[in-house]
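Comments concern the structure below.
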Amino acid sequence: MKSTLRTRGLAAALLAGTTLLATTALAQEVNFWYHFDNADNPMSELVAKFEAENPGITINAENVPWNSYYDQLYTSIVADNGPDVAMVKMTAQPRLIEMGAIVPIDDRLANWAGKSDVQEDLFNLTAAADGSHYYLPVQYVVLYLYYRSDLFAEAGLTPPTTCDELRSSAIALTKDTNGDGQIDQYGFGFRGGKGGHDHWASLTLSRDGVGFGPGELTSAAGVAGTQFVLDLFQKDKVFPPSAPNDGFKEVIGAFQGGTTAMTIHHIGSSGGMVEALGDKVSVVPVPECGGGRWTAFGDESTAVFAAAEDQDAAWKWAAFLSSAGNNAEFNKATGQLPVTKSDTANWSLHEKRFVEATTASLPFAHLYPNVSQTADFTNTVWPIAMQRALIGELTAEQMNVEIDALFNK
């Protein structure tokens, strides 16, 4: 009898040991790279929640500094010690696909219950050139038109819905407010320095057939778009004289200080706007110009990497971050908007008017060409050409020819 008991005990111990080994073998670690500047980082709470809901999966979340994020990412891929999941922008997608670094997620998306809760336009905007999906949206912004509702009310104006209305409103709001003979209020705060390509794009690329393809910017419609911008400054004089050199701080400061009545930016500025102006600031989508609308889309997604030991576990984590509730917590730290419809409906980090203008702008939001030339366009070619055009050294056609040559050599 004792021998039998010992045999049974040994078998039980062996079974327990086998079960432990099997559990250990099934346990997976997912290495996640992200970048948060906000000191109020909710990642540890999100990781704890995910691990409680998914026993056997451990998330190693690493907050990588933004200024070296992509250098480290590409280096780690080549060295075969990169992340299993990472935050990524659309500008990186062609290179990551070419490197074979990320995997398509179309099949997983088709079977994911959370897909229907994500804003549909985001999947269109983040699709690869061949229509496949490698990215799962996790946060975004869209540019829209800020306007001083108090100044518009005083002038008896309504916010513009077309470029013609924007021009007439800007002219009406450009004035000498204190009677000293000097203009001290301007209709529009235009960002002529680096980063201002989004202003120009909203007033130019909306026109039928205008884009970055061969001959599109040099077409009559393309030249007319840039000429419209130049006329606002040179003929109508509705931009401050400093516009050719104005950057983000100057444009936002002038708007908050009442020097300008309109400008273009995204929801990331709304907190500061409300703090400075309260209900004297409001927003609408960018105006229709020449038959259409065009506004810039700011993206951030997650991607599953081909080198991940367990791509299913990596996908579960990515899907978790883009699911209702979790996505809201994630974006409270980033200051951008959640990608889910349910979180958007209950969003309180930004006031409702800014959220509504953003979601209303999604159907005509666009990305710049996903090619290497875009970096030169934004950093050097556009700002130099725009500044020269504003001060009369280039015509609208000459400016557009320079940009066309960059993209279509």
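The values are calculated or read from the model by the stated rules, or taken from the named source; none is laboratory data. Since this is a predicted model, take the numbers as computed values, not measurements. Because the Cβ atoms are built from the backbone with ideal geometry, glycine has one as well, and the counts that use them run over all protein chains shown. The protein model used for the area step is the full one, side chains on, heavy atoms only, and it has no ligands, DNA or RNA in it. Shrake-Rupley method; radii C 1.70, N 1.55, O 1.52, S 1.80 Å.
At an R0 of 22 angstrom, the distance between the Cβ atoms of Ala129 and Ile384 translates into a FRET efficiency of 0.15.
Relative to the Cα centre, the charge distribution of the chain, modelled as +1 at Lys and Arg Cβ and -1 at Asp and Glu Cβ, gives a dipole magnitude of about 680 debye.
In region 32-102, inverting the average of 1/r over every pair of distinct C-alpha atoms gives 13.5 Å as the Kirkwood radius.
Model label points for Asp106 and Glu275, set 7 angstrom from Cα along the Cα-to-Cβ axis, are 4.6 nm apart.
For an R0 of 35 angstrom, estimate the FRET efficiency from the Cβ-Cβ distance between Ala306 and Asn408 and round to the nearest 0.05. Rounded to the nearest 0.05, the efficiency is 0.60. Computed as a quarter of the hull surface, the mean projected area of the alpha carbon convex hull for region 157-230 stands at 6.2 nm². Taking label points 7 Å from Cα along the Cα-to-Cβ direction, Ala153 and Ala360 give a separation of 1.8 nm. Distances between placed amide hydrogens fall under 5 Å for His265 paired with Tyr144, Tyr146, all partners being 5 or more residues away or on another chain. Return one number: the angle in degrees, 0 to 90 and rounded to the nearest 10, between the long axis of the Cα atoms of helix 163-172 and the longest principal axis of the Cα atoms of the chain. Roughly 60 degrees between the two axes.
Of the residues Trp112, Trp66, Leu145, the one whose Cα sits farthest toward the positive end of the charge dipole of the chain, with +1 on the Cβ of Lys and Arg and -1 on the Cβ of Asp and Glu, is Trp112.
Scanning residues 5 or more positions from Val304 or on other chains, those with amide H under 5 Å from its amide H are Val103, with H placed 1.01 Å from N in the peptide plane.
All alpha carbon pair distances within region 196-241 were sorted into 5 Å bins beginning at 0; the resulting P(r) in whole percents reads 5, 24, 28, 23, 12, 7, 2. Could you give the angle, 0 to 90 degrees to the nearest 10, between helix 248-257's Cα long axis and the longest principal axis of the Cα atoms of the chain? The angle comes out near 60 degrees. Once the Cα atoms of helix 220-234 and of the chain are each reduced to a long axis, what angle between those two axes, in degrees from 0 to 90 to the nearest 10, is obtained? Approximately 70 degrees, to the nearest ten. Dipole magnitude for region 230-327: about 400 debye, using +1 per Lys or Arg Cβ and -1 per Asp or Glu Cβ, origin at the Cα centre.
Spherically averaged projected area of the convex hull of Cα atoms, region 365-409: 3.5 nm². From the Kirkwood radius over Cα pairs of region 164-292, Stokes-Einstein at 4 °C and 1.567 mPa s returns a whole-number translational diffusion coefficient of 84 µm²/s. Using C-alpha pairs under 8 Å with a sequence gap of at least 6, the mean separation divided by the residue count of the chain gives a relative contact order of 25 percent. Its Cα gyration tensor gives region 254-326 an equivalent ellipsoid. The semi-axes, each the square root of 5 times an eigenvalue, are 39, 18, 10 Å from largest down. Remark: the chain carries 45 Å² of accessible area per residue (probe radius 1.4 Å; ligands, DNA and RNA excluded). Can you give the translational diffusion coefficient of region 259-409 in µm²/s, computed by Stokes-Einstein from the Kirkwood radius over Cα pairs at 20 °C and 1.002 mPa s? Translational D for this selection: 114 µm²/s. Phi angles across region 119-125 convert, under the Karplus curve 6.51 cos²θ - 1.76 cosθ + 1.60 with θ = phi - 60°, into 3J(HN,Hα) values of 3, 4, 4, 5, 5, 5, 5 Hz, Gly and Pro given as x.
Between Arg95 and Gln398, full extension at 0.36 nm per residue minus the direct alpha carbon distance yields a gain of 105.9 nm. The label point for Asn38 and the one for Ala172, both projected 7 Å from the Cα toward the Cβ, are 3.8 nm apart. Based on every Cα atom in region 299-377, Rg and the maximum pairwise Cα distance Dmax equal 15.6, 44 Å. If you take the alpha carbon atoms of region 220-345 and fit the smallest convex hull around them, that volume is 191 Å³ per residue. Relative to the globular-protein estimate of 2.2 N^0.38 Å, the Cα radius of gyration of the chain stands at 1.20. In the chain, the sites counted are GluC sites (Glu not before Pro) in DSSP loop states with at most 13 other Cβ atoms within 10 Å, and the longest stretch holding none of them, exclusive of the sites, is 1-308. Note on region 117-215: Cα-Cα pairs beyond 18 Å make up 66% of the total pair count. Calculate the dipole size of region 188-279 relative to its Cα centre from +1 charges on Lys and Arg beta carbons and -1 charges on Asp and Glu beta carbons; express the result in debye to the nearest 20. Using only the charged Cβ atoms, the result is roughly 200 debye. Treating only the Cα positions of region 31-178 as identical point scatterers, give the base-10 log of I(q)/I(0) from the Debye formula at each q in 0.14, 0.15, 0.17, 0.20 Å⁻¹. For region 31-178, the Cα-only Debye profile gives -0.86, -0.92, -1.07, -1.36.
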